[in-house]
Amino acid sequence: MEKVFYVTTPIYYVNAEPHLGHAYTTVVADFLARFHRLDGYRTYFLTGTDEHGETVYRAAERAGEDPKAFVDRVSERFKKAWELLGIAYDDFIRTTEERHKRVVQLVLKKVYEAGDIYYGEYEGLYCVSCERFYTEKELSEGLCPIHGRPVERRREGNYFFRMEKYREWLLDYLKAHPDLIRPEGYRSEVLSMLSEPIGDLSISRPKSRVPWGIPLPWDEEHVTYVWFDALLNYVSALDYPDGEKYRTFWPHAWHLIGKDILKPHAVFWPTMLKAAGIPMYRHLNVGGFLLGPDGRKMSKTLGNVVDPFSLAERYGRDALRYYLLREIPYGQDTPVSEEALRTRYESDLADDLGNLVQRTRAMLFRFAEGRVPEPVPGEELEEGVGLPGRLRTLVRELKFHVALEEVMAYVKALNRYINEKRPWELYKKDPKEAQAVLYRVVEGLRIASILLTPAMPGKMAELRRALGLKEEVRLEEAERWGLALPGPIPEEAPVLFPKEGKVEKKEEKEKREPITIEDFAKVELRVAQVVAAKKHPNADKLLVLTLSLGNEERTVVSGIAKWYRPEDLVGKKVVLVANLKPARLRGVESQGMILAAQEGEDLVLVTVDGDIPPGAVVR
Ligand code: ME8
């Protein structure tokens, strides 16, 4: 099989800022492009902006800008957004570019000369936001089904494309290619659209009303309808008709769209292709809607959009990408929220994956001299067997959320593997065996990191660096065991997915090496009674305590202000580390430290159960 892959996003209207809905489709496309590149495909990834048409023209008017200046500016915002999200497109097409206009005029001419375009009068119901006419039946309670806004009855002299002529052909094509439109539900929708006449398509607008567009080559008084113009971006960017890119990539085209633009892509576009003598695309992949906090489609018209810029800034681009891919079953409408993103971040990324890297590094330092140990044969975990192959299938079937779930199940299994093997105990009996366990974990992480690279390219490169693994990878390397080479790991590595407090705490729990009773005896613990407590003069988080040890008093500074009020402490019997070297904390000398137990955000002091005088030894 020829390994070539071409993926496109819709070209977005520049009438408003990019939001999370646009980001989603673009992230999916980038994920697919990266996945295929990693898998050795010759890959081409196209995105861009749709800059003609009435909506854009009016938006420019509202902004009080010249249309060209307006589209230049907003188009840049899309580029900026994609940069922020780590979108590695190969080309960004703008429909106002010469290379695009040329192709649109070429195709128009071809179809016109073939007799598939004619002039006529049109009357219909038009939604200005959608830039399209609706039939009575398509409206929802008389309103635009997408925007919920009134439609206008319009009568115009237009040129028409003989779309109906190709309906039977398209129906047959769809039946012969059951995987053309995916997921299945959208295919059925299209089949039912095609089960009755679709009519011809108006493909021009009078210049007098919409001056912002590509003129028809044979009639300068009309500009091309924005959809006939826009759809052609998918081939104009490849230098249709005789570009090398067109020949290479077009037969492998995967279009990604949202379900709002199903009809243009599933009906207009194939019939246009047919009329122009261009072969059909390979797949039309249809995503569902991201729903805003109000449960409605996130859209600029509805004003319920989530800003991808600020989410990427706060959680990191890779975490946002992961969230979108992991949370949303492709094709289905899914509510999205910052809260759900935070939950994924904390549980999947910080607790499972990030923590696994941290504890592995810590154990490599303790039990393997800070090195990746000698390779040992064989995967030991069921979850890891055949994983890359399964992933390939899932990704090609658009089941991204399941694919990521499977990799994360493997990560969880690696954590369990450590817990079961207990390298810290094993090390005492059989250091070699402890190192073998660690090698398997490093290998597991290497493999998981490759599989997660298309979703989180930056973080996974960081992960490999933290374990002394090579950063550049190929998918097939995830299918081979034992590629992690013995060698030192870096002394320092940033926490992959920092989470205030908790990540470090967990780490501390596991960092402890076994100690002897003599080691423990070095610590002098005593019961101490709080006789006075006040706020630290220079630090909000600290309290200054006066403790009685019976025949001696101590001043101790303690970071418990968040949990205890000074007045509630007086009289409490706590446990003091009495032989700790004194230290100055924000200008106050602390003569020891009191013990507290902490879990996440909760903290309680260790107190003494029963009657015993201050100064008593604790052991
Ligand atoms: O339709 N949920 O551009 P557009 C999921 N220019 N995806 C969403 C979304 C949401 N709430 N909101 C937007 C156009 N999208 C035309 C396309 S292509 C030749 C011309 C995504 O700016 C989704 O992919 O309105 C949808 O199809 C696309 O943005 C529409 O972008």
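Scan the range 535-585 for residues that are under 20 Å from residue 607 (Cβ atoms), of a type in the set (Lys, Arg) and open to solvent by 60 Å² or more (accessible area, probe 1.4 Å) and the total you get is 3. The condition (being in contact with a helix residue (DSSP H, G or I) (Cβ under 9 Å, 6 or more places away or on another chain), aliphatic (A, V, I, L, M), open to solvent by less than 30 Å² (accessible area, probe 1.4 Å) and over 23 Å from residue 490 (Cα atoms)) is satisfied by just one residue among 469, 387, 438: 387. Taking the range 280-297 as the range and being within 15 Å of the ligand (Cβ to nearest atom), part of a loop (DSSP other than H, G, I, E, B) and out of contact with any Asp or Glu (no Cβ under 6 Å at 6 or more places or on another chain) as the test, the residues that pass are 281, 292, 293, 294, 295, 296. In the range 216-239, the residue that is nearest to the ligand (Cβ to nearest atom) out of those that are touching a residue at least 24 places away in the same chain (Cβ under 8 Å) and open to solvent by 10 Å² or more (accessible area, probe 1.4 Å) is 227. For the range 115-137, the criterion of being among the charged types (D, E, K, R), part of a helix (DSSP H, G or I), touching a residue at least 40 places away in the same chain (Cβ under 8 Å) and open to solvent by 10 Å² or more (accessible area, probe 1.4 Å) is met by none of the residues.
Counting only residues that are over 35 Å from the mean Cα position of the chain (by Cα) and not β-branched (Val, Ile, Thr), the range 135-149 holds 4 of them.
Counting residues in the range 265-279 that are more than 15 Å from the ligand (Cβ to nearest atom), aliphatic (A, V, I, L, M) and under 16 Å from the mean Cα position of the chain (by Cα) gives zero.
Every condition in (1) on the phi < 0 side of the Ramachandran plot; (2) free of Cβ contacts under 8 Å to residues at least 60 places away in the same chain; (3) not in a helix (DSSP H, G or I) is met by residue 179 except one, and the failing one is (2).
None of 48, 53, 40 is of a type outside the set (A, V, I, L, M, F, W, C) and open to solvent by 20 Å² or more (accessible area, probe 1.4 Å) except 40. Step by step: first the residues of the range 242-264, then only those that are within 16 Å of the ligand (Cβ to nearest atom) and over 23 Å from the mean Cα position of the chain (by Cα), then the one that is nearest to residue 291 (Cα to Cα). Which residue is that? The selected residue is 262.
Within the range 447-465, the set of residues being assigned to a helix (DSSP H, G or I) and either open to solvent by less than 10 Å² (accessible area, probe 1.4 Å) or under 22 Å from residue 389 (Cα atoms) (or both) comprises 447, 448, 449, 450, 451, 452, 457, 460, 461, 463, 464.
Only strands (runs of 3 or more DSSP E) whose full extent lies in the range 506-619 are considered here, and the ones with at least 3 residues that are of a type in the set (Val, Ile, Thr) are 525-535, 553-558, 573-577.
The values are calculated or read from the model by the stated rules, or taken from the named source; none is laboratory data. What you see is a predicted model, and the numbers here were worked out from it, not measured in a lab. Here the Cβ is made from the backbone with ideal geometry for all residues, glycine too, and neighbour counts use every protein chain on show. With ligands, DNA and RNA removed, areas are computed over all heavy atoms of the protein, side chains included. Shrake-Rupley method; radii C 1.70, N 1.55, O 1.52, S 1.80 Å.
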